[in-house]
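Working notes, structure below.
The values are calculated or read from the model by the stated rules, or taken from the named source; none is laboratory data. None of the values given here were measured: they were computed from a predicted structure. Here the Cβ is made from the backbone with ideal geometry for all residues, glycine too, and neighbour counts use every protein chain on show. For accessibility, only protein heavy atoms count, side chains too; no ligands or nucleic acids. Shrake-Rupley method; radii C 1.70, N 1.55, O 1.52, S 1.80 Å.
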Amino acid sequence: MAQYNASEVESKWQKKWEESGLHSVDLKNSKKEKFYNLVMFPYPSGDKLHVGHWYNYAPADSYGRYMRMKGYNVLEPLGFDSFGLPAENYAIKTGVHPHQSITQNVNQMITQLKRIGTIYDWDKTIVTSTPEYYKWTQWLFLQLYKKGLAFKKFAPVNWCPSCKTVLANEQVQDGTCDRCKSEVTKRDLAQWMFKLSAYAEKLLDFEGLDWPEKTITMQKNWIGKSTGSEITFKAEGIEGSEENIIVYTTRIDTLFGCTYMVLAPEHPLVPIFTTTEQKKNVKQYIEKAKKITDIERSSEVREKTGVFTGSYAINPVNGEKVPIWIADYVLVYYGTGAVMAVPTHDERDYAFAKKYDLPLRIVIADKKQHGEKDGAYCEDGVLINSGTFDGMSSEDARLKITEFLAEKKAATFRTNYRLRDWLLSRQRYWGAPIPIVNCKKCGEVPVLEKDLPVELPNISDFTPLDDGKSPLSKCEEFKNCKCPKCGGPAERETDTMDTFVCSSWYYLRYPNNKLADKPFDKAMMKKWLPVDMYIGGPEHACMHLIYARFINMVMHDLGFVDFKEPFKKLVHQGMITKDGAKMSKSKGNVVSPDEFVEKYGSDVFRMYLMFMGPFQDGGDWNDKGITGISRFVERFWNLVNGKSAEKDSEAVKKALHKLIKKVGEDIETLHFNTAVAAMMEFVNLAMKEGVCEESKKILVKLIAPMAPHLAEECFEGFGEKGSVIDAPWPKYDEKMTVDNVVRLGVQVNGKVRGDIEIEKTTDQKTAIEMAKANPNVAKYLENVTVVKEIYVPGKIIGFVVK
RNA sequence: GCCCGGGUGGCGGAAUUGGUAGACGCGCAGGACUUAAAAUCCUGUUUCAGCAAUGAAGUGUGGGUUCGAUUCCCGCCCCGGGCACCA
């Protein structure tokens with residue numbers, strides 16, 4: 001018997017698969033039930049694949065292979081998310097233009113990906129930076145624009161005053177520019193947004209989704225629904241104008257305790273309320289606030305800072321005059337960007353009031369007689385010092401005070417969401433151009449659908465510009481155009497789109513990747529979507545996965561698709577770290593799979609990744625145990641190709657039925673580690689006891705999803721025709737998987753004192769007697785009183801003694 | 001800081017509608033084969049005490065519920081992911 005030569009066998013089968021088109025899926029005519037098995041697509045950064053890619057793709061592929069053996073027509077595509085910063089950074093570093101490098105890098109990645117031995121159907125691939133794809137990303141933008149879901153608004157960006165350029169968060173390190181180290185500030189730019197907030201309520205409905213509970217919780221928290229009231233405070237501006245400040249609160253029951261009010265530094269009314277004397281302080285404070293991140297600003301431990309505007313507002317419930325302050329702990333995105341401050345019943349307000357010596361007034365009583373010095377009491381209670389509302393519960397008061405003020409048009413009930421609109425403008429070159437034209441006469445005009453795509457010009461200098469504009473703005477041929485409406489001279493929008501827009505709809509395109517006249521075909525959508533299984537990292541729980549759901553819902557509401565949710569089942573793989581840290585080039589801890597694949601083969605490497613631990617957990621990379629898998633593959637090969645037994649022993653027979661059940665269930669729940677362990681256990685047993693050829697064939701099928709090349713080679717060795725992937729998944733007999741005789745532990749006062757072998761169906765009386773007969777158990781039952789006898793069939797026998 | 005996970009032998013991990021903790025693998029120790037080594041095979045391997053039978057302790061930590069807790073509840077510590085321009 002020849003030794004197993006992994007690299008020879010693997011390249012042989014990879015070639016065969018490709019030549020026979022084994023993995024190309026017939027999208028239209030197959031009679032089998034469809035299964036759309038999807039992994040989140042990678043971005044081609046110019047780096048080679050690292051073990052993290054394999055960790056994600058190999059098990060996901062094993063799942064797809066399993067589904068195919070179960071009889072499904074499996075679509076398993078892969079594409080490339082090729083717009084965005086990684087490609088731009090690579091281009092800046094190497095001097096190779098992204099137009100070129102993307103093609104190179106994609107081809108290189110495909111070559112590397114093929115070595116995994118996945119069943120990707122490369123005929124259905126997409127590359128988001130190609131005009132054939134981004135034409136439809138632009139089309140998508142236009143659909144949202146038509147519906148009023150795309151709009152322009154001023155919003156802050158990270159700004160390096162020294163480079164005079166917009167920075168991505170990634171380019172900001174500890175508040176400084178990662179190129180020149182100058183302090184980063186913020187700057188307001190007019191930018192395109194999608195009205196994500198309009199879908200907040202719809203996005204909260206997870207009905208029918210087979211998603212991890214934690215992901216749903218994270219999305220719910222991210223959307224952050226709260227119910228409360230909006231209250232209007234009247235105030236006098238510096239010009240003597242009467243202005244309304246609207247605040248949002250979930251605690252209107254504490255309104256009588258409001259002793260001051262706070263605006264976010266970016267609040268548009270700030271200049272109106274800032275008195276001449278306070279101008280200097282306020283200006284300084286706003287400048288400082290621009291340098292602090294939102295995470296720091298919302299931190300509850302950071303010392304609160306703020307500044308008085310010099311103006312006052314009137315509390316509508318009692319006519320009291322309260323000072324208007326500015327503080328960075330109030331965020332302009334959330335609520336109305338203004339809060340009524342109740343220091344006695346809000347932690348942050350308390351800290352702030354203490355620091356600036358603002359008055360306190362307790363308006364909610366609790367049982368413990370909470371005092372002013374005890375900090376804020378944030379729970380509900382009974383109202384005091386609240387005029388006619390005294391004695392009311394917080395809950396009632398929230399209703400009554402809002403209703404009372406509503407009559408005076410000073411308050412309304414309001415549901416609020418933390419979810420912000422989606423800012424999609426990027427002042428960068430390497431992205432899909434936003435299909436909008438600015439005409440002096442007609443204003444903002446969308447590009448006509450027939451004129452799509454708005455092609456990204458091949459300009460040579462794509463480094464960011466020093467005026468905060470996209471590099472496209474100096475490309476005259478691109479910028480100057482005709483107005484689609486009046487035909488007069490006009491200028492194109494030069495911002496490009498966030499790559500999350502590209503990735504928010506790619507799953508709709510795979511089955512339609514060759515369609516030239518529309519983004520997707522209705523019949524095809526009906527047949528293939530939604531995605532049955534979506535696998536990707538948990539870091540996408542909130543952003544990508546909310547954006548994709550949003551876009552899909554919009555497509556649904558516009559009648560393009562008839563399903564509301566794009567991903568029926570979702571699973572996150574864990575992250576592979578190296579020495580406890582996320583693998584990244586900058587940390588220099590990227591591990592390449594190549595040498596391991598070279599040495600042990602793809603099957604061993606992918607099984608090792610699966611065996612390392614639970615797929616959902618990830619883990620810290622080390623290669624310590626890989627020899628174990630290598631030995632196992634060798635043993636498996638020897639077993640299959642060695643002498644077969646005439647027939648299986650009873651023990652082997654039962655073990656095989658159990659194994660079929662276990663491996664199938666484990667793959668279905670993505671517990672590959674225990675599936676591999678079970679295979680090992682069986683092989684160990686079969687080595688000892690011998691196994692017949694029919695059973696060996698079953699074994700080969702069972703390992704096929706996890707070690708496809710090995711399985712093909714063995715399958716061929718049996719003289720079978722065709723691929724093992726088209727062999728049906730083995731069936732088992734449930735009766736053969738249950739043991740009638742079990743070993744039961746016997747406990748005395750919760751401590752195990754022995755075990756007995758017993759029929760599962762034994763009645764309580766017999767079982768207890770058998771347990772008492774165990775000499776070691778008997779020892780512990782001497783000279784004591786048994787107060788309770790416990791028998792849980794198949795689980796435990798216990799005695800409680802005194 | 002906020003939100004979401006996680007913490008089990010020397011190591012990766014297994015076992016949860018509460019029922020014999022440590023499957024499987026790595027490593028290590030001893031043995032077989034070999035002139036020798038590698039490879040392979042066999043035996044042992046949570047810690048402590050004991051020749052053993054067995055006993056005690058033990059799933060980050062401190063409490064609680066229970067005949068019985070890795071599993072459920074409360075407090076604390078540590079690690080990871082996300083926090084809206086990396087994707």
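Scanning segment A:233-260 for residues that are open to solvent by less than 30 Å² (accessible area, probe 1.4 Å) and assigned to a strand (DSSP E or B), we see that the one that is modelled with the lowest pLDDT is A:Ala235.
The condition of being within 16 Å of RNA strand B (Cβ to nearest atom), farther than 15 Å from A:Asp603 by Cβ and assigned to a loop (DSSP other than H, G, I, E, B) does not hold for A:Leu27. The condition of being crowded, with 18+ Cβ neighbours inside 10 Å and not in a helix (DSSP H, G or I) holds for only one of A:Pro77, A:Pro59, that being A:Pro77. Just so you know, in segment A:104-118 the residues that are in contact with a Leu (Cβ under 8 Å, 6 or more places away or on another chain) and in a helix (DSSP H, G or I) include one that is farthest from A:Tyr608 (Cα to Cα), and it is A:Met109. Scanning segment A:109-116 turns up one or more residues that are more than 16 Å from RNA strand B (Cβ to nearest atom), at pLDDT 90 or above, open to solvent by 10 Å² or more (accessible area, probe 1.4 Å) and of a type in the set (S, T, N, Q).
Return the residues of segment A:214-231 that are touching a residue at least 24 places away in the same chain (Cβ under 8 Å) and either on the phi > 0 side of the Ramachandran plot or open to solvent by less than 30 Å² (accessible area, probe 1.4 Å) (or both); say none if nothing qualifies. Scanning segment A:214-231 gives A:Thr215, A:Gln219, A:Ile223, A:Gly224, A:Ser226, A:Gly228, A:Ser229, A:Ile231.
Residues in segment A:653-697 that are hydroxyl-bearing (Ser, Thr, Tyr) and farther than 26 Å from A:Gly574 by Cα: A:Ser695 only. Selection over segment A:681-714 of residues that are open to solvent by 40 Å² or more (accessible area, probe 1.4 Å) and over 20 Å from A:Val724 (Cα atoms) gives a count of 6. Given the criteria among the small types (Gly, Ala, Ser), open to solvent by less than 50 Å² (accessible area, probe 1.4 Å) and within 11 Å of RNA strand B (Cβ to nearest atom), does A:Gly625 qualify? The answer is yes for A:Gly625. A:Val106 satisfies every condition listed in (1) surrounded by fewer than 22 Cβ atoms within 10 Å (Cβ to Cβ); (2) out of contact with any Phe, Trp or Tyr (no Cβ under 6 Å at 6 or more places or on another chain) except (2). Can you work out which of the residues in segment A:154-167 that are without any contact (Cβ under 8 Å) to a residue 60 or more places away in the chain and closer than 20 Å to A:Ile434 by Cα is surrounded by the fewest Cβ atoms within 10 Å (Cβ to Cβ)? Filtering first and then ranking leaves A:Phe154.
Just one of the listed residues (A:Lys564, A:Lys514, A:Lys522) is among the basic types (Lys, Arg) and touching a His at 6+ places or on another chain (Cβ under 9 Å), and it is A:Lys564. Search segment A:752-779 for residues being surrounded by fewer than 12 Cβ atoms within 10 Å (Cβ to Cβ) and under 53 Å from the mean Cα position of the chain (by Cα), and hand back the single one that is nearest to RNA strand B (Cβ to nearest atom). Among those residues, the one meeting the criterion is A:Glu757.
Restricting to segment A:168-180, what's the tally of residues that are surrounded by fewer than 20 Cβ atoms within 10 Å (Cβ to Cβ) and within 25 Å of A:His97 (Cα to Cα)? Going through segment A:168-180 one residue at a time, the tally reaches 8.
The set of residues in segment A:130-149 that are within 16 Å of RNA strand B (Cβ to nearest atom) and either open to solvent by 10 Å² or more (accessible area, probe 1.4 Å) or charged (D, E, K, R) (or both) comprises A:Thr130, A:Leu149. Residues in segment A:201-234 that are among the β-branched types (Val, Ile, Thr) and within 14 Å of RNA strand B (Cβ to nearest atom) were compared, and the one that is farthest from A:Tyr248 (Cα to Cα) is A:Thr215.
Every condition in (1) open to solvent by 10 Å² or more (accessible area, probe 1.4 Å); (2) within 13 Å of RNA strand B (Cβ to nearest atom); (3) out of contact with any strand residue (DSSP E or B) (no Cβ under 7 Å at 6 or more places or on another chain) holds for A:Phe41 except the one numbered (3). Which one is farthest from A:Glu444 (Cα to Cα), of the residues in segment A:175-192 that are at pLDDT below 95 and hydrophobic (A, V, I, L, M, F, W, C)? Selected residue: A:Cys180. For segment A:127-229, no helices (runs of 4 or more DSSP H) sit wholly inside it while including 2 or more residues that are of a type in the set (D, E, K, R) and touching a Phe, Trp or Tyr at 6+ places or on another chain (Cβ under 6 Å).
Restricting to segment A:16-25, name every residue that is surrounded by 11 or more Cβ atoms within 10 Å (Cβ to Cβ) and among the charged types (D, E, K, R). Those that are surrounded by 11 or more Cβ atoms within 10 Å (Cβ to Cβ) and among the charged types (D, E, K, R): A:Lys16, A:Glu18. Out of curiosity, is A:Asp346 charged (D, E, K, R) and more than 35 Å from the chain's Cα centre (by Cα)? No; evaluated as a whole, the condition is false for this residue.
Let's see how each residue does on (1) at pLDDT below 95; (2) open to solvent by 10 Å² or more (accessible area, probe 1.4 Å); (3) within 16 Å of RNA strand B (Cβ to nearest atom):
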| residue | (1), (2), (3) |
| --- | --- |
| A:Ala516 | yes, yes, no |
| A:Pro530 | no, yes, no |
| A:Ile535 | no, no, yes |
| A:Leu545 | no, no, yes |
| A:Thr577 | yes, yes, yes |
| A:Gly580 | yes, yes, yes |
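The single condition among (1) under 30 Å from A:Glu444 (Cβ atoms); (2) part of a helix (DSSP H, G or I) that A:Pro511 does not meet is (1).
In segment A:726-780, what residues are assigned to a helix (DSSP H, G or I) and of a type in the set (D, E, K, R)? Matches in segment A:726-780: A:Asp726, A:Glu734, A:Lys735, A:Lys765, A:Glu769, A:Lys772, A:Lys779. Could you give me the residue pairs with C-beta distances under 7 Å whose first residue belongs to segment A:294-317 and is at negative phi, whose second residue is part of a loop (DSSP other than H, G, I, E, B) and among the polar types (S, T, N, Q) wherever it lies, and which are 6+ apart or on separate chains? Listed by first residue and then by second, the contacts come to A:Thr309/A:Thr274; A:Thr309/A:Thr275; A:Ser311/A:Thr275. Residue-level check: of (1) out of contact with any Ser or Thr (no Cβ under 7 Å at 6 or more places or on another chain); (2) more than 10 Å from RNA strand B (Cβ to nearest atom), A:Phe632 misses just (2).
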